[in-house]
Amino acid sequence: MTLLQAPASHDREPDAAVYRHARMARDYLTSFVRSRGELRSFSTIESYCMFIGHARSGHSIVGAMLDAHPNVILPDEVDALRYVAAGFSREQLFHILLARSRRQVRKERTKAGRNGKSYSYRVPDQWQGRFSTLKVIGDSKAGKSTQRLAQSPAILERLRRCMGNVDLRFIHVVRNPYDNISTLMVRGGRTFDNAITQYFANCEALVAIRRRVGESLLTIRQEQVILQPGPTLQQLCGFLKLAAPDDYLQACAGILYTSLPKSRFSVPWDDALIERVRRKIDEFDFLAGYAYDERATEQTTWSA
């Protein structure tokens, strides 16, 4: 359904659906008007960057660090594909992303972190919410984007048409499956069976998406981000055809946790469940090397 199409006709449409449609219409009109004054800034954009993968895998922190680059605008939690599906133009989408980045900076890029505590993804003395010359723009909402691409494969071609001569770049941050599954249980109230099934269904969707985007995809691991921030950011910048200034790399490394988050220890895994997931891990090359044993994971040699 595009923006210009009303929701399906019902005698009593749910209030939530009416609200969503009204809000999308408002966003369409606002972005149409305001993007007109930003066309010069948008004219230098070379790449549109979006994230795929599982939620709670480190995409937000990677997005925040990229947003701190002088040539990048990359906010969190936008769900940009819904605007593409609704028929927004490229420039309208760019405006929405820029406006969201600026709003998030005013709120210190705050996000819920470990143990329910808020955590700031602000990178001091860098470029979040602003830019020198804008070359890369995008959105780091990986989980929802993956669902949309899986449920509506045609949306990828629609995105390509929307972007025109702007290059598409995809980033996939991979986390230990045992941690992802545990987080689904802790935050989503799921059972082991439901969380494991959901996680690997998403992996199946990722296989198809990764095949379709080909060499436009960079895969990194959460361990790389935390334990090797400098080289990982250099790799990301190279993938996006950007320079990686030393002060930028140092500032980004300074906001990271000093240890790997291990949600797997917050739920009662038994040997049978651990083995069930281990067998499924073997089916996906991008999960190679992961294990429940934290030492096995940390000794893995990571490659893109």
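Across the chain, the relative contact order, built from alpha-carbon pairs under 8 Å that are at least six residues apart, equals 21 percent. Taking all protein chains as present, what is the carbon and sulfur share of the accessible area of the range 78-133, in % to the nearest whole number, probe 1.4 Å? That fraction is 45 percent.
In this structure, the amide hydrogen of R109, modeled 1.01 Å from its nitrogen in the peptide plane, lies closer than 5 angstrom to no residue at least 5 positions away or on a different chain. The residues of the chain expose, per residue, 49 Å² of accessible area to a 1.4 Å probe.
Per-atom-type breakdown for the range 174-304 gives carbon and sulfur 49% of the accessible area (1.4 Å probe, protein chains only). Among V186, V123, V72, the largest mean-square fluctuation in a Gaussian network model of the chain, built with springs joining Cα atoms closer than 10 Å, belongs to V186. Computed from point charges on the beta carbon alone (+1 for Lys and Arg, -1 for Asp and Glu), the dipole magnitude for the range 194-304 about its Cα centre is near 300 Debye. Taking the chain as a Gaussian network of alpha-carbon nodes connected by springs under 10 Å, the highest mean-square fluctuation of the residues G58, G214, G138 belongs to G214. With a threshold of 26 Å on the Cα-Cα distance, the over-threshold entries among K117/K141; K111/K262; K241/K280; K117/K241; K241/K262; K107/K241 are K241/K280; K117/K241; K241/K262; K107/K241.
The values are calculated or read from the model by the stated rules, or taken from the named source; none is laboratory data. Treat the numbers as computed from the prediction; the structure is a model and nothing was measured. Ideal geometry is used to build each Cβ from the backbone, glycine not excepted, and the neighbour counts take in all protein chains shown. Calculation scope for accessible area: heavy atoms of the full protein, side chains included, ligands and nucleic acids excluded. Shrake-Rupley method; radii C 1.70, N 1.55, O 1.52, S 1.80 Å.
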